[in-house]
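Peer 1: Pasting a structure below so you can have a look.
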Amino acid sequence: WTQESNPLDNMGMSALVAAVPIAFLFWALIIKRMKGYIASLTALGLALVIAIAAYGMPVKLALLSTTHGALYGLFPICWIVITAVFLFNITVKSGQFEIIRHFMASITDDRRLQALIIAFSFGSFLEGTAGFGAPVAITAAMLVGLGFNPLYAAGICLIANTAPVAFGAIGTPILVASQVSGIPEMAISQMVGRTLPLLSLLVPLYLVVLMAGFRKAWEIWPAILVTGGSFAGLQWFSSNFLGPSLPDIISGIGSIVCLVVFLKFWKPKTTWRFREEPPSTLEVNTTYTAGQIFRAWSPFIVLTILMIAWGIQPIKAVLNSWGMIDVEIKGLHQAIIDQQGNAIAHVFRLNYLSAAGTAILVTALVSIPLIGISFREAGKVFVATLNQLKFPIVTVAAVLSFAYILNDSGMTSSLANALAATGGVFPFFAPVLGWLGVFITGSDTSANALFGRLQASTATSIGVDPVVTVSANVS
């Protein structure tokens, strides 16, 4: 079957019809406030109807394309999310995360510096390990415990989360963008790592100015520079030379270490606090030994080491030779001809050993005895994690199915052709599409699934490097 990008013989009308499922998502999530999994499943059903009725896609191909998208959503994407949240949950269950929490909160009494350390640096580290809302929830709760206004704390942490989210959950947004656009993940990681650090450098300053005003922010400019500079530099280095899995973890931990060391030699002239702040509920006077702190951080140290090892090409090649299955989707593989006359490959890669999720699972298994929790308890935590993530898993699978049916039916091409009419102005719209995608879905990963292929197709048609527009969508 050959794709048709203009089934209605009117490019504008074809693009409008192709935009209907995306517009429905907007209406369902923002206006009707449907739950994510219900909205995404309904949008998927609508996309299937349009693909079959308006674009003439055979029912069998449409259903197989949907299945292929769901499989990719489950593995490797949900596999990463499940294992990452499981690793975080066992550190909480063991009580080790409380040590980390108290250590972070006890570094300084100055509210400006607490926002830098907890909302920005520690939040970035949590974004890299777990993602999907957990960093904001955890860091905001910590700030509230220290005496921040709850709504204020949530806002500060949400703004801080803009710097690391493109590399969240062990690089999941970039993995999805790579899959749907066909661009190597390393190329996207490098481009994001050359643009996003400019924002990362400014976010710490912006946070403190919002909290205390420019004059009070200027009082601690050395600490702001150390935080933003170390974070941005490490984000650039790790994204360009190590790949998309570790930038948040490395830059988050690195900026914490740099600021803590810096505060040993420098202190602000005055300790700034809110005029009318609620009493602190987080006890920060408890002291822990260096050994206790190291033990609490040990799962994340192991995670960093293993993720670096898993990313080394010779190791990845060995793991793939031992445990990888490529399955051609029968009835779909090379059954669809694209606009250029090429048969589209549909292969499901089950690289169960070299997948990032497997590295995280190994980290969790190694960490269980280190943090003092039994394997029996860890098993219960794993089951609880699956239960905790059941609706996000359905949502991710549905959104990936949605993206695949849009791409395979030709709907993405219709939208890309319409956007190509904007010509050289399109690169200015590329990040706006990314913003819109995150606004609609609440997830950078889902936004990349929705618009990654569209960004690449439109850029190619107007002669712009697609890596630039796809990376703009990511960051």
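Peer 1: For the stretch 23-125, what class follows from the C-alpha gyration tensor (a ≥ b ≥ c being the square roots of its eigenvalues): rounded when a/c is under 1.5, otherwise prolate if a/b is larger than b/c, else oblate? Display every interim value, and only then the final one.
Peer 2: Values: a/c = 4.09, a/b = 2.32, b/c = 1.76.
Prolate.
Peer 1: In terms of Cα to Cα distance under 29 Å, which lysines are near enough to Lys390, apart from those fewer than 8 places away along the same chain?
Peer 2: Straight-distance partners of Lys390: Lys32, Lys35, Lys60, Lys93, Lys330, Lys380.
Peer 1: Would you mind telling me the share, in percent, of accessible area of the chain contributed by carbon and sulfur at probe 1.4 angstrom? Present the calculation step by step, with values, prior to reporting the outcome.
Peer 2: Details: 13380 of 19910 Å².
Accessible surface attributable to carbon and sulfur in the chain totals 67 percent.
Peer 1: OK, next. Taking the Cα centre of the stretch 1-154 as origin, work out the dipole magnitude from +1 charges on Lys and Arg Cβ and -1 charges on Asp and Glu Cβ, in debye rounded to 20.
Peer 2: Values: 8 positive and 6 negative charges, 67 e Å.
The dipole of the stretch 1-154 has a size of about 320 debye.
Peer 1: Work out from phi, with θ = phi - 60° and the Karplus expression 6.51 cos²θ - 1.76 cosθ + 1.60, the ³J(HN,Hα) of each residue of the stretch 377-387, listed in order in whole Hz, and give x for Gly and Pro.
Peer 2: My calculation for the stretch 377-387 gives 5, 4, x, 5, 5, 5, 4, 5, 5, 4, 5 Hz in order.
Peer 1: A follow-up question, please. Using packing as a proxy for protection, rank 27-36, 55-64 so that the peptide with the highest average count of other Cβ atoms within 10 Å comes first. Please list the in-between numbers first.
Peer 2: Details: 27-36: 14.3, 55-64: 18.1.
Highest to lowest by the protection proxy: 55-64, 27-36.
Peer 1: Convex hull volume of the Cα atoms in the stretch 226-347, per residue, in Å³?
Peer 2: 283
Peer 1: What is the packing order of peptides 73-80, 211-218, taking the mean over residues of other C-beta atoms within 10 Å and listing the highest first? Mind showing how you got there, number by number?
Peer 2: On the way: 73-80: 21.2, 211-218: 14.5.
Descending packing order for the listed peptides: 73-80, 211-218.
Peer 1: Taking the Cα atoms of the stretch 104-151 alone, what are Rg (to one decimal) and Dmax (as a whole number) in Å?
Peer 2: For the stretch 104-151, the Cα radius of gyration and maximum Cα-Cα distance read 10.2, 29 Å.
Peer 1: So, one more: Positive end of the charge dipole of the stretch 238-352 (Lys, Arg +1 and Asp, Glu -1 on Cβ, about the Cα centre): tell me which of Thr286, Ile249, Gly331 has its Cα farthest that way.
Peer 2: The residue sitting most towards the positive pole is Thr286.
Peer 1: For n ≥ 4 DSSP H runs only, could you compute -39500 (n - 2.57) per run for the chain, divide by its residues and tell me the 222 nm figure to the nearest 500?
Peer 2: Working: 22 runs with 332 residues, N = 475.
The helix contribution divided over the chain gives -23000 deg cm²/dmol.
Peer 1: A further question follows. I'd like the orientation of helix 150-160 relative to the chain: the angle between its Cα long axis and the longest Cα principal axis, in ° from 0 to 90, rounded to 10.
Peer 2: 60
Peer 1: I'd like the orientation of helix 390-409 relative to the chain: the angle between its Cα long axis and the longest Cα principal axis, in ° from 0 to 90, rounded to 10.
Peer 2: Between the helix axis and the principal axis of the chain, the angle is about 40 degrees.
Peer 1: For helix 96-105, what angle does its Cα long axis make with the longest principal axis of the chain, in degrees from 0 to 90 and rounded to 10?
Peer 2: 70
Peer 1: Further question on the same structure: At 7 Å along Cα-to-Cβ for each site, give me the label-to-label distance between Lys316 and Lys32 in nm.
Peer 2: 4.1
Peer 1: What list of ³J(HN,Hα) couplings, whole Hz, do you get for the stretch 175-186 from phi and the Karplus terms 6.51, -1.76, 1.60, once you set θ to phi - 60° and write x for glycine and proline?
Peer 2: Working through the residues one at a time gives 4, 5, 4, 5, 5, 7, 8, x, 8, x, 4, 5 Hz.
Peer 1: A follow-up question, please. Across the Cα atoms of the stretch 46-191, what radius of gyration and what greatest pairwise Cα-Cα distance (Dmax) are found, in Å?
Peer 2: 19.9, 64
Peer 1: Inverting the mean 1/r over all pairs of different Cα atoms, compute the Kirkwood radius of the chain and quote it in Å. Don't skip to the answer; put the middle values down first.
Peer 2: Details: mean 1/r = 0.0430 Å⁻¹.
Over the chain, the inverse of the mean reciprocal pair distance is 23.3 Å.
Peer 1: Mind checking the dipole of the stretch 217-372: about its Cα centre, +1 per Lys or Arg Cβ, -1 per Asp or Glu Cβ, Debye to the nearest 20? Each step should come with its number before you reach the end.
Peer 2: Details: 9 positive and 8 negative charges, 83 e Å.
With Lys and Arg at +1 and Asp and Glu at -1, about 400 debye.
Peer 1: Roughly how many Å² is the accessible area per residue of the stretch 324-387, as a whole number, for a 1.4 Å probe? Before the final figure, lay out each step's value.
Peer 2: Working: 3380 Å² over 64 residues.
Using a 1.4 Å probe on heavy atoms only, each residue of the stretch 324-387 averages 53 Å².
Peer 1: Of Ile315, Pro431, Val260, which is farthest on the positive side of the dipole of the chain, counting Cα position, with +1 on Lys and Arg Cβ, -1 on Asp and Glu Cβ, and the Cα centre as origin?
Peer 2: Value: Val260.
Peer 1: Follow-up question, since we're still on this one. Sort 41-54, 343-356 by the packing proxy (mean of other Cβ within 10 Å over each peptide's residues), most packed first. Can you show the working numbers first?
Peer 2: Values: 41-54: 19.6, 343-356: 17.1.
Packing order, densest peptide first, comes out as 41-54, 343-356.
Peer 1: Same structure again: Report, please, the projected area of the stretch 348-440 averaged over directions, based on the convex hull of its C-alpha atoms, in nm².
Peer 2: Across all orientations, the stretch 348-440 yields a mean hull projection of 9.4 nm².
Peer 1: Same structure, new question: Rounded to the nearest 20 Debye, what is the dipole magnitude of the chain about its Cα centre when Lys and Arg each give +1 and Asp and Glu each give -1 at the C-beta? Please report the intermediate quantities before stating the final value.
Peer 2: On the way: 24 positive and 19 negative charges, 195 e Å.
Value, rounded to 20: 940 debye.
The values are calculated or read from the model by the stated rules, or taken from the named source; none is laboratory data. Keep in mind it's a predicted model, so treat the numbers as computed, not measured. Quick reminder, even Gly has a Cβ in these numbers, built from the backbone with ideal geometry, and neighbours come from all protein chains shown. Surface accessibility is based on the protein's heavy atoms, side chains included, excluding ligands, DNA and RNA. Shrake-Rupley method; radii C 1.70, N 1.55, O 1.52, S 1.80 Å.
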